[in-house]
Amino acid sequence: MEKVIFTNSRGESIEFGDSPFYLQSIEGLGEVSAQIQTQKSPYMDGSSFLDAILDERDIDIDFMISYPFGTYEDISKARSLIARVCNPKLGPGLLRYENDYVVRVINAVADGVPSFPDNGGRTTVLQKGQLSFVANNPYWKSISIEEEPAFKPLFQFPFSQPFQMGLQQDKRILNNDGDAPVPLFIEFYGPALNPVIKNNTTGEFIKVNQELFEGERMVIDTSDEDRSIYFIDGQGDARNVFHWIDLDSDFFKLQIGENEIEYTADNDIQGAIFNLTWQKYHNAV
């Protein structure tokens with residue numbers, strides 16, 4: 001069974017699947033065009049491929065509101081509810097698609113007020129409707145977030161209280177088996193002098209020329225829309241250290257395939273905690 005759940009920026013949700021909001025069809029599970037970037041030299045036959053840039057994703061939903069034992073008042077209130085939750089003035093929300101085999105999410109905004117056709121589409125207990133969304137980032141994302149532990153477990157003693165020993169992981173191999181490079185959310189706990197996060201596979205790195213104190217954590221977001229870097233202390237107070245990054249730094253992404261990620265600093269960081277979080281990107285569901 002298919003269902004679609006939209007949650008707006010205020011946390012309000014509407015679900016299309018079963019009664020009373022039946023999902024009749026959804027378009028946009030694939031269907032994203034690409035702009036092929038090419039380069040042509042003088043006297044060259046054809047052209048050279050440079051890149052392929054995906055366009056925005058359009059998602060169209062046909063649904064039906066049905067209250068077999070209700071009244072026209074129920075239908076009218078349902079129309080108002082859908083229009084309120086899917087209000088484009090609220091900006092992007094989270095669209096969640098589920099079937100019996102997979103769950104995917106995407107950030108999307110309604111491209112207008114829902115359509116409620118009259119002729120042939122409305123009775124006192126039934127109302128047909130259409131909704132259209134635009135996803136500026138065209139990739140469907142996995143619902144499960146991958147997170148690598150700071151320690152690699154080795155063995156555990158059968159004590160009365162949990163006690164686990166392991167190896168500190170200064171390097172990790174992360175496998176991105178999605179359809180596109182993905183941004184990272186990084187947490188690095190101090191103390192550390194001039195901390196560095198590096199993707200040894202690509203040679204890209206992020207270095208902050210500042211001291212991360214005991215009790216502080218460095219938080220990095222490498223996504224295009226929320227690119228940022230902060231030091232946050234134990235009380236939750238954040239200081240923006242974006243202007244302290246090394247000029248050769250690059251807010252890198254996990255490339256498709258294996259990525260060797262390493263963290264270092266200009267002092268001894270044995271025992272430091274280092275977490276990586278990401279979501280896989282998919283071209284289609």
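The values are calculated or read from the model by the stated rules, or taken from the named source; none is laboratory data. Model, not experiment: these values are computed from the prediction. Every residue, glycine among them, receives a Cβ derived from its backbone with ideal geometry; neighbour counts consider all protein chains shown. SASA here: full protein model, heavy atoms, side chains in, ligands and nucleic acids out. Shrake-Rupley method; radii C 1.70, N 1.55, O 1.52, S 1.80 Å.
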Consider residue 267 against the criteria (1) in contact (Cβ under 8 Å) with a residue 24 or more places away in the chain; (2) outside any loop (DSSP other than H, G, I, E, B): it satisfies all of them except one. Which criterion is unmet? (2)
For region 1-50, what are the residues that are over 19 Å from residue 75 (Cα atoms), out of contact with any Lys or Arg (no Cβ under 9 Å at 6 or more places or on another chain) and not in a loop (DSSP other than H, G, I, E, B)? 25, 26, 27, 34, 35, 36, 37, 38, 39, 49, 50
Sole residue being under 23 Å from the mean Cα position of the chain (by Cα) and modelled with pLDDT under 90, chosen from 251, 274, 242: 274
Residue in region 84-102 that is open to solvent by less than 80 Å² (accessible area, probe 1.4 Å) and either in contact with a helix residue (DSSP H, G or I) (Cβ under 6 Å, 6 or more places away or on another chain) or over 30 Å from residue 142 (Cβ atoms) (or both) present: no
In the list 69, 16, which residue meets the criterion of being buried (at least 16 other Cβ atoms within 10 Å of the Cβ) and either touching a residue at least 12 places away in the same chain (Cβ under 8 Å) or farther than 21 Å from residue 180 by Cβ (or both)? 16
If I filter region 53-66 for residues that are over 18 Å from the mean Cα position of the chain (by Cα) and free of Cβ contacts under 8 Å to residues at least 40 places away in the same chain, do I get at least one hit? yes
Condition test on residue 238, is it buried (at least 17 other Cβ atoms within 10 Å of the Cβ), small (Gly, Ala, Ser) and touching a strand residue (DSSP E or B) at 6+ places or on another chain (Cβ under 9 Å)? no
Name the pairs whose Cβ atoms lie under 9 Å apart, with the first residue in region 240-262 and assigned to a helix (DSSP H, G or I), the second open to solvent by 20 Å² or more (accessible area, probe 1.4 Å), and 6 or more positions between them or separate chains? 242/227; 242/228; 242/230; 244/209; 244/210
